[in-house]
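Okay, structure first, notes after.
Read the figures in this text as sums done on the coordinates, not as results from a lab. Note that this is a predicted model, so its numbers are computed, not measured. Cβ atoms come from the backbone with ideal geometry, glycine included; neighbour counts cover every protein chain shown.
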Amino acid sequence: MKIGLIGNPNVGKSLIFNQLTGLGVEVSNYPGTTVGLETGHVCYQREKFEICDLPGIYSLDGDSDEEKLVNGMLERHELDLVIAILDAVHLERNLYLFFQVAEYGLPLLVVLNMADETEKSGISVDSQELSKILGCPVIMTAAIHGRGTGQILPSALSSACPAIVKVAYDHHIEAAVRSIMGNFPVSRPVAILSLEGIGADQEMLDSSVAIANEIENRHKMSPRQIISANRHHFAEQVAGRVITDRQKKPGFDLDRLLTKGIPGIPIMAVILIGILLVVFTIGSWLEGIIVFFFASYLVAPLLSLGLPPLLQQLSISVLLGLQAGIGIAFPFIFTFYIFISILEDSGYLTRAAFLADQAMHRVGLHGQAIIPMILGFGCTVPAVMSIRLLASRRERFIASFLVTMIPCSARTVIIAGVVATFVGIWWALSIYLIVFILVVLTGLFLSRITPGEQFGMIMEMAPLRAPQVVNVVKKSWRKISEFLTIAMPLLIISSVILGLLQYYGVILAFTNFIEPFSTMVLGIPAYATTALMFGILRKEMALGALVVLAGTPALNTVMTNVQLYTWAIISVLFVPCISTIAVLYRQMGLKTVVLVTTYTVILGIVIGAGIHLAFP
Amino acid sequence: MESSEREDYLEAVLVRSLAVQAHTSAKDLAADLSIGEETVSADLKSLEEQGDLVFDETGALSLTVQGRTIAERVLKKHRVLQCFLGEILGMEDHAASDEACVLEHSISDTAINRIGNYVKSAGHRRNWHRGNTSYNRLINNNIPNPVASGLVPGMNKIPPAGTSSTPLGSTLTDAMESVPLAVIGITGGEYLHRLIDLGVIPGEVVILKRRLHNNAVVLQVKECDIALSPEIAGTILVEKM
Ligand SMILES: Nc1nc2c(ncn2[C@@H]2O[C@H](COP(=O)(O)OP(=O)(O)OP(=O)(O)O)[C@@H](O)[C@H]2O)c(=O)[nH]1
Ligand SMILES: [Mg+2]
C-alpha cells in the first residue's frame, strides 16, 4: 500500500515523513526544501506500507516539475491513500490545493499541522467542524513537538475515506465538464484540467478548447481563471466556518528590521561574515587542541618506537589521515553546519532572498536563487539539487556555475586550516571576497550570453521561528555523520595509498613531472600541486594529501605565506569534487558539467598564476 | 524630410506640451530626440513652412491645428501599440516603447483600431470579477506622464512634472505600504497562474507589507507573506479600499 504526503510547501510534510518512517530527509524552514520524490517504508501492525514525501506545491494545474510530478502520481492512480498536510495557520490558502486533490476521490486523511502556532497568531481552528464539512477525518498535529503525529498512521488506516466536499463551480464550467466526460472516458479532475487546457490526449484537448473559447467569450475570462476563483471563494467560505479569530497578541515584528533595505542589508552582511568569523575562530581553537593531542600523544610516541621504515610510513600515514579528518575537517565542518542549520530553520533565508532580489537580477537570476547559493556554503551537492527551484533552464545554467564556485564547507576547511591558521584570519576572509567578485563577474558575463527568458521571484516568506536546539544539532549531526562514514575512511585509505606511493617513489616521479609547471606558473612546490589533484575526489582530501606529502601539519614551516595563500585559493576554485560533478550531470546534462569543470579549472590556474605574477 | 521624421517631431512637441507645459524650443527638442541642434532647427523651419507649427518671438514653438491632429494620431497609435506590446505580449516597458516608436509610423488606422479593440476586450477579461476595463486605465491613465514612461526615446532625462500616481488604480509598485488594497487585475501573462494559485485574484484584499527602493515587494495575501520581484509587482493592478 502506497501512501502519499501532499501539501503546500513548508507545511511540515518532510518532518512528518521523518517521524513516520524514521528516515532523515531534509527539513528546513523555506519553501522548496524537498524537490523530488522521497520514499520510505514503515511497518504497522505487521503490514508494510510505502510512504512518499512529495515536493510542496500550490496547485495541481501548474507546469513546474513538482506540480507535474504530484499530478502525475494522482492521475496514474499510483497512490492508495493520501495524507493531505495543511498548515492550520494558513488554512484558507492551503484548502485551495486540498480541494483539487480531493477531486481525485482517493481515501484522504487531513492533517492540520502547526497546531502550536495557531495560538500565537490568534486563531483557533475547529477540526471537528472541518471534518464534517470535508467529509473525511481531520486530525491536529504539532509535528515539531511530536504532538499528534503518532495518531496519523492509525487514523489514516482506520478511517480515511474520499472527501464528500465539492467545489461548486460556475454552472457553465459544470456543464462543460459533464460534456467532456460524456465524450471521453475520463475522470472529473482530468476533465477539469483538460478544460483548463492541460492534458496529454490531443483529441480531448482540441474539443475542450472549443468549449473553453465559448465560455471565455461569454464570461470574458478563461475557464482556468473562473475555476481558480471558484476554488478560492469556496476555500474562503469553508475557512470562515471553522476559524475563530481571537485577539492577536501584539508583538514586535522582526520583519520591520529584516526586510528593509536599511538595516536589513547590513544585518545580512553581519550575519554572513559573522558566521565565517565565528566558524574560523571556534574551528581553529578546536583544531589546535586536537592537533596538539595527536602530535604529542600519538605521533611522537610512534616515532620513538623505531619501527621498520615501511611500517612506520604506513602507520604515520594512517595517523596523518585521521588527524586531517578529525583534527582539521571535523571542527570546521561541524561548526559550520550548526550555523547553516540555524539559518535554514529560522526562516531567515527567505528574507535574504527578498533583499538579494535586485542584486541577483543583475546576474540573470532572481532572489530565490540566493537559497542554493547559501546552501552551497554547506555542501555543493544539495545546493546543486536545490537549483531545481529555479524555473527556467537559463537560470539553472547560470546557477550551476555560481553555486559550484561558492566555497563549500570542505573548502572552508582548506581556507581555515591553511590560510586562517597560518597566514591570518583577514587573509582568509579575502579569499571569500575574491570568490565573491569572481562569482559576480561570472554571473554578469553568463547573464549576457545565456539565451532564454528571465523569470521573476514569487516566493512565500517562511515564518520566523527560533530554531530548536535539538533539531539543529540532529540535522548537523546527520550531515557530519555522512562525513565521518564516507569521507573519513576515504581520507585514511587515500592517505595510506599516498604513503605507499611515496614510499615506492611514484609520487616523486609525478612531482618531478609537474615540477616546472608548478614552480614556474603557480609558484608553489610540486608536491602541493600533486596534492591539489586529490581535491577532485573530495575537497578536504587536498588538504589531507598536502599534510601527508609535506610530512607535517605545520605547513608554514615548509611553504611561504604567499604559497599557502595561492595553494588555498587554487584549490577553492579549481574543479568541483566528483560528487558535485555527478549531481550536476544528473541535473543539467553532460554539456553543462564539461563547461563548469573546464571553466573552474581555468579560473583556478589563472588566478593562481596571477598571484604568482603579482607576488613572485 | 521623411514623413516618419515629421511625425516624430510633432509627437515630441505634443508630448512636451502635455507633460511639461513649458515653452518648447528647438534646443529642447534636440535634446529630447538626441539629434544635433542644427539639423533640428532646419527641420523645424521646413515644418513651419508646411504649416504644422509656429514659432513665437521668444523662439518657443507650438503646434497648429493641422500639426496637432497629426501628432495626436501618432501619439494614440503609440499608446495602443505600447499597451499591446507591453501588457498583452508581456514585453519590457522600454522595449515596448521603443518598438512602438518605430511601428507607429507605418501601421494603418484599421490595424490600430483592431488592436485597440483587442486590448480593450483583453482588459475586460482580466478584470474577471468586476465589469470595469483596465484598457481605459492603461491607455488614458496609466501613462499619465508620457515623458516619465519613456514614450519618446531620449526623453527620459527630463524629470517628470507632477506625480505619476493615478486616481483610479495603479500597480503595486506605486501603492502605499500597510494600507488595505483591492486587487483589480493582473496584466502580465507569464506569472498569472502562480499568482492566482497564491490567491492574488481580482477582488481580493491584500496588504503591501514592504516595498524596497527597487520596487521588490512583500505582499500579504490570505494571511501569507509573498515576496515578488519588481517586474511581477508591476503587473498587479490595485486600488485603495
Ligand atoms: N512550529 C511548528 N513548526 C513546524 C511544525 N511542523 C514542521 N515545522 C517546521 O516547518 C518547517 C518546514 O518543514 P518541512 O518538513 O521541511 O516542510 P515541507 O512541507 O517538507 O516543505 P517542502 O519540502 O518545502 O515542501 C521546518 O522548519 C519545520 O521544523 C509544527 O507542527 N509546528
Ligand atoms: Mg519537504
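From the helices alone, meaning DSSP H stretches of at least four residues, give me the mean residue ellipticity at 222 nm for the protein assembly as shown, per-run term -39500 (n - 2.57), in deg cm²/dmol to the nearest 500. Walk me through the intermediate numbers first.
Details: 37 runs with 467 residues, N = 857.
The per-residue figure over the protein assembly as shown is -17000 deg cm²/dmol.
Once you average over the residues of A:354-361, how many Cβ atoms of partner chains fall within 10 Å of each Cβ? Each step should come with its number before you reach the end.
Details: counts 10, 3, 1, 9, 7, 1, 1, 5.
Partner-chain Cβ atoms within 10 Å, mean over residues of A:354-361: 5.
Between A:S159 and A:S179, how high is the FRET efficiency from 1/(1 + (r/R0)^6) when r is the Cβ-Cβ distance and R₀ = 51 Å? Nearest 0.05. Before the final figure, lay out the partial values.
Details: r = 36 Å, r/R0 = 0.70.
FRET efficiency, A:S159 to A:S179: 0.90.
Structural descriptor for chain A: relative contact order 11 percent, calculated from alpha carbon pairs under 8 angstrom and at least 6 residues apart. Backbone amide hydrogens, once placed in the peptide plane, bring A:M140 within less than 5 Å of A:L112, excluding anything fewer than 5 places away on its chain.
Hey, what's the Kirkwood Rh for region A:339-443 if you take every pair of different alpha carbons, in angstrom? Don't skip to the answer; put the middle values down first.
On the way: mean 1/r = 0.0705 Å⁻¹.
Evaluated over region A:339-443, this radius sits at 14.2 Å.
Please list log₁₀ I(q)/I(0) at q = 0.05, 0.11 Å⁻¹ for the protein assembly as shown, using the Debye equation with identical point scatterers on the alpha-carbon positions. Listed by q, the Debye log ratios stand at -0.37, -1.26.
Residue by residue, region A:443-448 carries 3J(HN,Hα) couplings of x, 4, 5, 4, 5, 6 Hz when phi is fed to the Karplus relation 6.51 cos²θ - 1.76 cosθ + 1.60 (θ = phi - 60°); x denotes Gly or Pro.
Legend: calculated FRET efficiency, A:W426 to B:E5, from the Cβ-Cβ distance at R0 = 51 Å, rounded to 0.05, equals 0.25. Distance between the 7 Å Cα→Cβ label points at A:L257 and A:E78: 4.5 nm.
The 3J(HN,Hα) values that the Karplus relation (6.51, -1.76, 1.60; θ = phi - 60°) gives for region A:493-509 are, in residue order, 4, 5, 6, 5, 4, 4, x, 5, 4, 5, 4, 8, x, 5, 4, 4, 4 Hz. Gly and Pro appear as x. Helix A:223-242 axis versus longest C-alpha principal axis of chain A: approximately 90°, rounded to the nearest ten. The angle between the Cα long axis of helix A:578-588 and the longest principal axis of the Cα atoms of chain A comes to about 30 degrees, rounded to the nearest 10. Under the simplified labelling scheme, the A:Q45-A:S124 pair shows an inter-label distance of 3.3 nm, with each label point 7 Å from Cα along Cα→Cβ.
Distance between the modelled labels on A:D245 and B:Y118, one decimal in nanometres: 4.4 nm (7 Å Cα→Cβ projection). With 21 Å as the limit, the listed pairs A:K2/A:K48; A:K220/B:K222; B:K77/B:K240; A:K68/A:K591; A:K13/A:K474 have A:K220/B:K222; B:K77/B:K240; A:K68/A:K591 beyond it between alpha carbons. With Cα atoms as the point set, the radius of gyration and Dmax of region A:2-159 evaluate to 14.3, 42 Å. Mean partner shielding of peptide A:454-466, defined as the number of other chain Cβ atoms within 10 Å of each residue Cβ, is 5. Three principal axis extents of region A:201-271 based on alpha-carbon atoms, in descending order, are 58, 37, 24 Å. To the nearest 10 degrees, how steeply does helix A:261-294 sit against the main Cα axis of chain A, on a 0 to 90 scale? Between helix and principal axis, roughly 50 degrees.
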